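Written below as structure tokens is the structure these notes are about.
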Amino acid sequence: MGKKKLIDLYPYRMIDKKPEFLLFKRSEGHIYEGQWRMIGGKVEEGEAYWQAALRELKEETGLSPQKFWTLPGINQFYEPKTDQILTIPAFAAEIDPGNEPRLDKEHQKAEWFGIEDAKKIIHWPEQQRLINLLNNLLISNQILDDWLVSIH
């Protein structure tokens, strides 16, 4: 079995200089059913990780980012059913505050959350850590140019 290549993507918008995070409640019959999560997905053959993140954003929300960048952190955990340690790069996508997502079949609900509410409904510790890191970078305005991904 080949190693899975996955991405995590945290869409956000800035309202009055404060970030809000777009999270999705997973639909019945889909992996992570009933959980609130960010966007996650598989990297397809011939795709770079960042390209997969952009594709997943478009497929799952219909949205395009104003700014797209890689977080300086990795989601890493052990998956017992595949006996693999997964190392998943995380990305951030700034969404225009006037845009709203359209839902795909994988999600039953989408909402914007401030950091405290987001951390309460996300159950995976690594995802809580990454969204907290993202929040801290946004409020301190410390996004390095090296992290930006040119998508235009």
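Which one is nearest to the chain's Cα centre (by Cα), of the residues in the stretch 31-49 that are surrounded by 14 or more Cβ atoms within 10 Å (Cβ to Cβ) and over 19 Å from residue 131 (Cβ atoms)? Break it down into steps so the answer makes sense when it comes.
Here is the first cut: in the stretch 31-49, the ones surrounded by 14 or more Cβ atoms within 10 Å (Cβ to Cβ) are 32, 35-41, 43, 47, 49.
Subsequent filtering for residues that are over 19 Å from residue 131 (Cβ atoms) retains 43, 47.
On the way: 43: 14, 47: 17 Å.
Selected residue: 43.
Taking the conditions exactly as written (under 18 Å from residue 60 (Cβ atoms), assigned to a helix (DSSP H, G or I) and in contact (Cβ under 8 Å) with a residue 40 or more places away in the chain), does residue 108 satisfy them or not?
Details: under 18 Å from residue 60 (Cβ atoms): yes; assigned to a helix (DSSP H, G or I): no; in contact (Cβ under 8 Å) with a residue 40 or more places away in the chain: yes.
It is false that residue 108 is under 18 Å from residue 60 (Cβ atoms), assigned to a helix (DSSP H, G or I) and in contact (Cβ under 8 Å) with a residue 40 or more places away in the chain.
Filter the stretch 105-116 for residues that are surrounded by 15 or more Cβ atoms within 10 Å (Cβ to Cβ) and modelled with pLDDT under 90; which is nearest to residue 20 (Cα to Cα)?
Let us first name the residues in the stretch 105-116 that are surrounded by 15 or more Cβ atoms within 10 Å (Cβ to Cβ), namely 106-107, 110-113, 115.
Those still in the list that are modelled with pLDDT under 90 too: 106-107.
Working: 106: 22, 107: 19 Å.
Result: 107.
What is the one condition in (1) in a helix (DSSP H, G or I); (2) without any contact (Cβ under 8 Å) to a residue 24 or more places away in the chain that residue 98 does not satisfy?
(1)
State all residues of the stretch 64-78 that are in a strand (DSSP E or B) and either closer than 17 Å to residue 10 by Cβ or in contact (Cβ under 8 Å) with a residue 24 or more places away in the chain (or both); if no residue qualifies, say none. Before you say what the answer is, go through the steps one by one.
Here is the first cut: in the stretch 64-78, the ones in a strand (DSSP E or B) are 67-78.
Within the stretch 64-78, 67, 68, 69, 70, 71, 72, 73, 74, 75, 76, 77 qualify.
With the condition kept exactly as written, say whether any residue in the stretch 54-61 is surrounded by fewer than 15 Cβ atoms within 10 Å (Cβ to Cβ), within 27 Å of residue 3 (Cα to Cα), touching a Leu at 6+ places or on another chain (Cβ under 7 Å) and in contact (Cβ under 8 Å) with a residue 12 or more places away in the chain. Let's see the steps before the verdict.
As a first pass, look at the stretch 54-61 and keep what is surrounded by fewer than 15 Cβ atoms within 10 Å (Cβ to Cβ): 58-59.
Cutting the leftovers down to within 27 Å of residue 3 (Cα to Cα) gives us 58-59.
Checking the rest, the ones that are also touching a Leu at 6+ places or on another chain (Cβ under 7 Å) come to none.
Within the stretch 54-61, none of the residues are surrounded by fewer than 15 Cβ atoms within 10 Å (Cβ to Cβ), within 27 Å of residue 3 (Cα to Cα), touching a Leu at 6+ places or on another chain (Cβ under 7 Å) and in contact (Cβ under 8 Å) with a residue 12 or more places away in the chain.
Given the criteria more than 16 Å from residue 39 (Cα to Cα) and of a type outside the set (Phe, Trp, Tyr), does residue 130 qualify? Show your work before the answer.
Details: more than 16 Å from residue 39 (Cα to Cα): no; of a type outside the set (Phe, Trp, Tyr): yes.
Judged against the criteria, residue 130 is not a match.
For the stretch 78-98, name all the residues that are of a type outside the set (D, E, K, R) and either within 14 Å of the chain's Cα centre (by Cα) or surrounded by 14 or more Cβ atoms within 10 Å (Cβ to Cβ) (or both).
Going through the stretch 78-98, the residues of a type outside the set (D, E, K, R) turn out to be 78, 80, 82, 84-93, 95, 97-98.
If the condition is that a residue be of a type outside the set (D, E, K, R) and either within 14 Å of the chain's Cα centre (by Cα) or surrounded by 14 or more Cβ atoms within 10 Å (Cβ to Cβ) (or both), then 84, 86, 88, 89, 90, 91, 92, 93, 95 are the ones that fit.
Restricting to the stretch 56-91, count the residues that are out of contact with any Gly (no Cβ under 7 Å at 6 or more places or on another chain) and closer than 23 Å to residue 142 by Cα. Don't jump to the end; show me each part of the working.
Pass one, the stretch 56-91, residues out of contact with any Gly (no Cβ under 7 Å at 6 or more places or on another chain): 57-89, 91.
With closer than 23 Å to residue 142 by Cα added as a condition, the list becomes 64-75, 88-89, 91.
Looking only at that region, the number is 15.
Filter the stretch 23-54 down to residues that are over 17 Å from residue 75 (Cβ atoms), touching a Phe, Trp or Tyr at 6+ places or on another chain (Cβ under 7 Å) and in a loop (DSSP other than H, G, I, E, B), then give me how many there are. Break it down stepwise before answering.
Applying the first criterion (over 17 Å from residue 75 (Cβ atoms)) to the stretch 23-54 yields 25, 27-30, 33-34, 44-48, 51, 54.
Of the ones still in play, those that are also touching a Phe, Trp or Tyr at 6+ places or on another chain (Cβ under 7 Å) are 25, 54.
Adding the requirement that they be in a loop (DSSP other than H, G, I, E, B) leaves none.
Result for the stretch 23-54: 0.
The values are calculated or read from the model by the stated rules, or taken from the named source; none is laboratory data. Values in this document were obtained by computation on a predicted structure and should not be read as measured data. Backbone-built Cβ (ideal geometry, glycine too); neighbour counts: all protein chains shown.
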